[in-house]
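Visitor: To start, I am sharing the structure in question, which I have written as structure tokens.
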Amino acid sequence: MRRREFLEQTAMAAAVAAAARPAFAVDGGPLDESVRERVGDDVRWDKAPCRFCGTGCTVQVGVRDGRVVAVSGDRLAPVNEGLLCMKGYHVGLALYGSDRLTQPLLRRGETHVPISWDEALDVIADRILANPPGFAMYGSGQWTIPEGYAAQKFMKGGLSNNHIDPNARLCMASAVTGYVSTFGVDEPYNCFDDLDATDAVLLWGNNPAEMHPVLFSRLMRRRTRGESIELVDLGTRRTRTTSFADRFIPTKPQGDLALANGLMHLLVESGRYDREFVAAHTTFRKPGATPDLHGVPATFEEFRRHLASYTPTRVAELSGVEARDLHALADLFADRSKRILSLWCMGMNQHTRGTAVNRLVHGLHMLSGHFGRPGDGPQSLTGQPSACGTVREVGTLSHALPGGLLVANAEHRHEAETIWNVPAGRIAPRPGHHTVEMWDRFSRPASEGGDIHTIWVQVTNPAQTLPNTGRLFEPSRRDPDKFLIVSDVYPTATVRAADLILPSAMWVEKNGMVGNSERRTQQWFKMVNPPGSARDDAWQTIAVARKLFERGHAGMRDADGKFLFHVADERGAEIPIWDYDHYHDVNVDRMLFEEYRRFSVLERKDLAPYDEYVRARGLRWPVVEQDGSWRETRYRFVEGEDTYVEAGKGLQFYRSADHDDRARIWIEDYVAPPEVPDDEYPFWLCTGRVLEHWHSGSMTMRIAPLRRAMPEAYVEMHRDDADALGVAEGDVVSVATRRGSIDLPVWIDGRGAVVRGSLFVPFFDERAEINRLTLEAYCPISKQPDYKKCAARVRVAAGGASR
Amino acid sequence: MPILGLVIGISPDASLDEVTARLARTGGVRCGEAAGSRLPATLVRDDAAALDDALRALADERGVLVVDVVFHEFSDVHVAPRELAMPRDRSRRDATS
């Protein structure tokens, strides 16, 4: 058989297997034998989660001669059952851009010169030792769990320095504070199984057809079977998702706050809320004098009085949602025979009232009793492969410790110090700088409060993704006292601005573990070698720690005087994992994960032993041992699903902050956005992502088919606005805010369509620095900035108009 | 020569036979036996760009609700050079206007 024929047969076999599969009925099994059978002799296959979004699809990765040559959707994976999206089926090519970083580089004047790894590690150690509290680490939800854990331990357990924060602060911090302040614990109680059981999906500023295509496909698959699923798209612009929706309800920016209040008002006013659920499972809360997670107690009567002002007329004024749509949605929530799933992502989280709107949507579901059954509840989605696993669970946030512990809590610090075997008092009690504050202080001179002098960035691209980069990123690049270290795989905008560049291994060039949006932890093994002298991020962290250890930094020793990342062989002899030649003598991921796992049981986020994840296509925590096997949890707080729920309780919010097993329904008011259009800047500007590109495009813009499909950024304009400006499709305009301006071609009635008076610009294109224009104002509780709404103006660029 | 394995979801209000016949007439497409409304297929093209175009065209076919990729062989797909020869052209937008 010719090779091409063989490959076609292989492709067809994968398609037939996926097509024939009953919809998301998981039969499990450690290996996808159908893939193995069609391997051929020269391709070795193994599982790995996709490198891109937070869905957590499993792919089978085909390797020949040390190179990834094929990917196949893993039909045994419960998340995607063999399906892959446009980015997912190109994920293997992300490794092979021609400009991979392969050697450490140090800035000398205007250029970067090659240096050795040892020299690079010395440079970092010098910077830390020169000013320990002025050092910070900035990571991401793309850190694997062991990488994030190593960084977390290095900073908080080694340097006694809490200035570590991730880019996930920019994408889902408001979801965290929403969950914690409502349920007493972070992350969704539910899971993707809801997609197979729900009757109606409310998309709150959410575009899963482009951002989470496999999840959206899971819904569409039900429609191909003739099942009825009502899709309601609540948003400020029409998207690819809208074309599949039964109803598109346009909302004004920030209008979600009024909409949620308006719906609850109608339910309470008409007596159609779920009295039994509310009485049995909830308490009421309102914000105190200072914005925080706890607020102060409130009564149902206060709640009712608060809602009274959210009449359909006022809600229409604030949110743009017409009274008939509001009533229709209220009728939907009043009908408990239907199961309703609310989904959201950045639209609700990148919001100066992000915590408040998260609380309101949780409250709406609990008030109406749409909670606790499969397909019936609120669920936030994440955009990065381990925003949940690494950031929210390992706790790589400036205020957090692993497993849901907090640095400000003395008992929690003691627990962490015990597990890390470091002396009491090693962990500093004050939270470090959150993302915006960290970069603000890095951008300001030391004489003006700029107490951060060195930032080590791993696995993210802040030069392109921070808000208001002209203020939060660029000034430090003109300050000779500030030093930027960047570990990455490609020469991103951040890499080019760095003082020290460290080449990293990516995806299947290293071992890894990640956690997706439904609490599912996944594992994979290294399959190919990284190029040149690129190395694992966890190794980089451990190697710097060793440099400091060798120079006598006390924090790099545990309570017994051993190296902070001490690993011994079976005879007790230390394995020098800081030496890359010996890094793979032992599975460092396993060692780090097993230590981290000890944290997970403290707050009932139990994880299974590492080897269970080797066998599984991910497991959703809490994972508890029962009858000799490890059982995952689909629905937390639900009797029969979650083993932590006491018998007879039905639903038990056992992590409640008040220790009363109840969740909180919050009183939250509509608050106007911090910047609104005016005569000078008359448009709303919203930013976001597109199907083809993942985040800042550093990987997907190097994949030729994806780049060809979406080669450049653009500004979506309404046709009437374009006509008024005298510009046509493709003309170049200057989009400006009070913070900066860029030139972009106009796109009218394209894939997305904005309402009149609005603009949309994606952020994947590093040549179009849209985050020079965005607002750094953030939610006072989550500290997450609002990239979705600010005031802008549009003018014809010089020579830009065609008419 | 890149190859895709696909599962094509057929709209419940479309005729599976008609859609299958129409897709099978498309060059480079080979259809397997449908499982309910889910049609397995392969798609082969000379290069990645043509493959991408063909995939989009399939998704736009009448009667097709959704196209999922389940397999991708790309061993001879060239990786993107540092800067692709893609000026800020407007061909994509022209095509949609």
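The values are calculated or read from the model by the stated rules, or taken from the named source; none is laboratory data. This is a predicted model, so every value here is computed, not measured. Here the Cβ is made from the backbone with ideal geometry for all residues, glycine too, and neighbour counts use every protein chain on show.
Visitor: Please work out which one of (1) crowded, with 19+ Cβ neighbours inside 10 Å; (2) touching a residue at least 60 places away in the same chain (Cβ under 8 Å); (3) assigned to a helix (DSSP H, G or I) is the condition A:H265 fails and give its number.
Guide: (2)
Visitor: Which of the following residues is at negative phi and either more than 14 Å from chain B (Cβ to nearest Cβ) or of a type in the set (D, E, K, R) (or both): A:V746, A:V754?
Guide: Going through A:V746, A:V754 in turn, just one is at negative phi and either more than 14 Å from chain B (Cβ to nearest Cβ) or of a type in the set (D, E, K, R) (or both): A:V754.
Visitor: Do you know which of the residues in segment A:467-523 that are charged (D, E, K, R) and crowded, with 23+ Cβ neighbours inside 10 Å is nearest to A:P49 (Cα to Cα)?
Guide: My answer is A:R520.
Visitor: Right, something else. When residues of segment A:693-715 are filtered for being within 14 Å of chain B (Cβ to nearest Cβ), crowded, with 24+ Cβ neighbours inside 10 Å and of a type outside the set (S, T, Y), how many remain?
Guide: The total comes to 10.
Visitor: Just checking, how many residues over segment A:408-446 are in a loop (DSSP other than H, G, I, E, B), of a type in the set (A, V, I, L, M) and closer than 15 Å to A:A136 by Cβ?
Guide: 1
Visitor: Report, by residue number, each residue of segment A:219-246 that is in contact (Cβ under 8 Å) with a residue 24 or more places away in the chain, part of a loop (DSSP other than H, G, I, E, B) and not charged (D, E, K, R).
Guide: If the condition is that a residue be in contact (Cβ under 8 Å) with a residue 24 or more places away in the chain, part of a loop (DSSP other than H, G, I, E, B) and not charged (D, E, K, R), then A:S228, A:I229, A:T236, A:T239, A:T241, A:A245 are the ones that fit.
Visitor: Please go through segment A:50-67 and give me each residue that is in contact with a strand residue (DSSP E or B) (Cβ under 7 Å, 6 or more places away or on another chain) and either buried (at least 24 other Cβ atoms within 10 Å of the Cβ) or among the charged types (D, E, K, R) (or both), ordered by number.
Guide: A:C50, A:G56, A:C57, A:T58, A:V59, A:Q60, A:V61, A:G62
Visitor: Hey, can you tell me all the residues within segment A:188-203 that are in a helix (DSSP H, G or I) and of a type in the set (D, E, K, R)?
Guide: Within segment A:188-203, A:D193, A:D194, A:D196 meet the criteria.
Visitor: Looking at A:G92, is it under 17 Å from A:V394 (Cα atoms) and surrounded by 23 or more Cβ atoms within 10 Å (Cβ to Cβ)?
Guide: Considered against the rule, which asks whether it is under 17 Å from A:V394 (Cα atoms) and surrounded by 23 or more Cβ atoms within 10 Å (Cβ to Cβ), A:G92 comes out as no.
Visitor: If you take the residues in segment A:611-630 that are assigned to a loop (DSSP other than H, G, I, E, B) and either touching a Leu at 6+ places or on another chain (Cβ under 7 Å) or β-branched (V, I, T) (or both), which one is surrounded by the most Cβ atoms within 10 Å (Cβ to Cβ)?
Guide: Within segment A:611-630, the match that is surrounded by the most Cβ atoms within 10 Å (Cβ to Cβ) is A:R617.
Visitor: If you don't mind, there's one more thing I want to ask. For residues that are facing chain A (nearest Cβ under 10 Å) and farther than 19 Å from A:A11 by Cα, tally how many sit in segment B:17-36.
Guide: 1
Visitor: Among the residues of segment A:50-59, is any among the charged types (D, E, K, R) and either facing chain B (nearest Cβ under 8 Å) or over 24 Å from A:S696 (Cβ atoms) (or both)?
Guide: no
Visitor: Looking at segment A:305-326 only, could you name the residues that are surrounded by 15 or more Cβ atoms within 10 Å (Cβ to Cβ), in a helix (DSSP H, G or I) and in contact (Cβ under 8 Å) with a residue 24 or more places away in the chain?
Guide: Answer for segment A:305-326, where residues must be surrounded by 15 or more Cβ atoms within 10 Å (Cβ to Cβ), in a helix (DSSP H, G or I) and in contact (Cβ under 8 Å) with a residue 24 or more places away in the chain: A:H306, A:L307, A:P312, A:R314, A:V315, A:L318, A:S319, A:D325, A:L326.
Visitor: Within segment A:95-104, does at least one residue satisfy the condition of being buried (at least 24 other Cβ atoms within 10 Å of the Cβ), within 14 Å of another protein chain (Cβ to nearest Cβ), assigned to a helix (DSSP H, G or I) and hydroxyl-bearing (S, T, Y)?
Guide: Within segment A:95-104 (the criterion being buried (at least 24 other Cβ atoms within 10 Å of the Cβ), within 14 Å of another protein chain (Cβ to nearest Cβ), assigned to a helix (DSSP H, G or I) and hydroxyl-bearing (S, T, Y)), the answer is no, since none of the residues qualifies.
Visitor: Sort out which residues of segment B:7-16 are touching a Leu at 6+ places or on another chain (Cβ under 6 Å), of a type in the set (A, V, I, L, M, F, W, C) and within 8 Å of another protein chain (Cβ to nearest Cβ), and write them in order of number.
Guide: Passing the criteria: only B:I10.
Visitor: Taking segment A:34-43 as the search range and keeping residues that are on the phi < 0 side of the Ramachandran plot and over 32 Å from the mean Cα position of the chain (by Cα), which one is modelled with the highest pLDDT?
Guide: The selected residue is A:V43.
Visitor: Among what's in segment A:165-187 and is part of a loop (DSSP other than H, G, I, E, B) and under 13 Å from the mean Cα position of the chain (by Cα), pick the residue that is surrounded by the most Cβ atoms within 10 Å (Cβ to Cβ).
Guide: For segment A:165-187, the residue satisfying everything is A:M172.
Visitor: Being surrounded by fewer than 22 Cβ atoms within 10 Å (Cβ to Cβ), out of contact with any Gly (no Cβ under 6 Å at 6 or more places or on another chain) and not β-branched (V, I, T) is true for just one of A:A608, A:A568. Which residue is that?
Guide: Criteria check complete, one pass: A:A568.
Visitor: Determine which single condition A:D46 fails, assuming it passes every other condition in (1) within 11 Å of chain B (Cβ to nearest Cβ); (2) surrounded by 14 or more Cβ atoms within 10 Å (Cβ to Cβ); (3) modelled with pLDDT of 70 or more.
Guide: If we test A:D46 against (1) within 11 Å of chain B (Cβ to nearest Cβ); (2) surrounded by 14 or more Cβ atoms within 10 Å (Cβ to Cβ); (3) modelled with pLDDT of 70 or more, just (1) comes out false.
Visitor: Please give the number of the condition A:H163 fails out of (1) of a type outside the set (S, T, N, Q); (2) closer than 30 Å to A:R557 by Cα; (3) without any contact (Cβ under 8 Å) to a residue 60 or more places away in the chain.
Guide: In the conditions (1) of a type outside the set (S, T, N, Q); (2) closer than 30 Å to A:R557 by Cα; (3) without any contact (Cβ under 8 Å) to a residue 60 or more places away in the chain, A:H163 misses (3) alone.
Visitor: Within segment A:327-383, count every residue that is of a type in the set (S, T, N, Q), within 26 Å of A:G54 (Cα to Cα) and assigned to a loop (DSSP other than H, G, I, E, B).
Guide: Number satisfying all stated conditions: 3.
Visitor: Looking at (1) touching an Asp or Glu at 6+ places or on another chain (Cβ under 8 Å); (2) within 30 Å of A:N190 (Cβ to Cβ); (3) in a loop (DSSP other than H, G, I, E, B); (4) within 14 Å of another protein chain (Cβ to nearest Cβ), which is the only condition A:A77 fails?
Guide: Against the list (1) touching an Asp or Glu at 6+ places or on another chain (Cβ under 8 Å); (2) within 30 Å of A:N190 (Cβ to Cβ); (3) in a loop (DSSP other than H, G, I, E, B); (4) within 14 Å of another protein chain (Cβ to nearest Cβ), A:A77 comes up short only on (1).
Visitor: For segment B:57-76, check the following and say yes or no: at least one residue is at pLDDT below 85, more than 7 Å from every other protein chain (Cβ to nearest Cβ) and more than 15 Å from the chain's Cα centre (by Cα).
Guide: For segment B:57-76, residues at pLDDT below 85, more than 7 Å from every other protein chain (Cβ to nearest Cβ) and more than 15 Å from the chain's Cα centre (by Cα): present.
Visitor: On to the next question. Return the residues of segment A:672-722 that are touching a Cys at 6+ places or on another chain (Cβ under 7 Å) and among the small types (G, A, S); say none if nothing qualifies.
Guide: none
Visitor: Among the residues of segment B:1-34 satisfying the criterion of being in a helix (DSSP H, G or I) and hydrophobic (A, V, I, L, M, F, W, C), which is farthest from B:A48 (Cα to Cα)?
Guide: Per the criteria, the residue is B:L16.
Visitor: A further question follows. Any idea which residue in segment B:37-46 is nearest to the other protein chains (Cβ to nearest Cβ), counting only those that are surrounded by 15 or more Cβ atoms within 10 Å (Cβ to Cβ) and not in a strand (DSSP E or B)?
Guide: Once the filter is applied, the top-ranked residue is B:S37.
Visitor: Tell me which of these A:N206 doesn't satisfy, since it passes every other one: (1) part of a helix (DSSP H, G or I); (2) among the polar types (S, T, N, Q); (3) closer than 30 Å to A:R719 by Cα.
Guide: (1)
Visitor: Could you tell me how many of the residues in segment A:110-129 are of a type outside the set (F, W, Y), outside any loop (DSSP other than H, G, I, E, B) and in contact (Cβ under 8 Å) with a residue 12 or more places away in the chain?
Guide: Number satisfying all stated conditions: 11.
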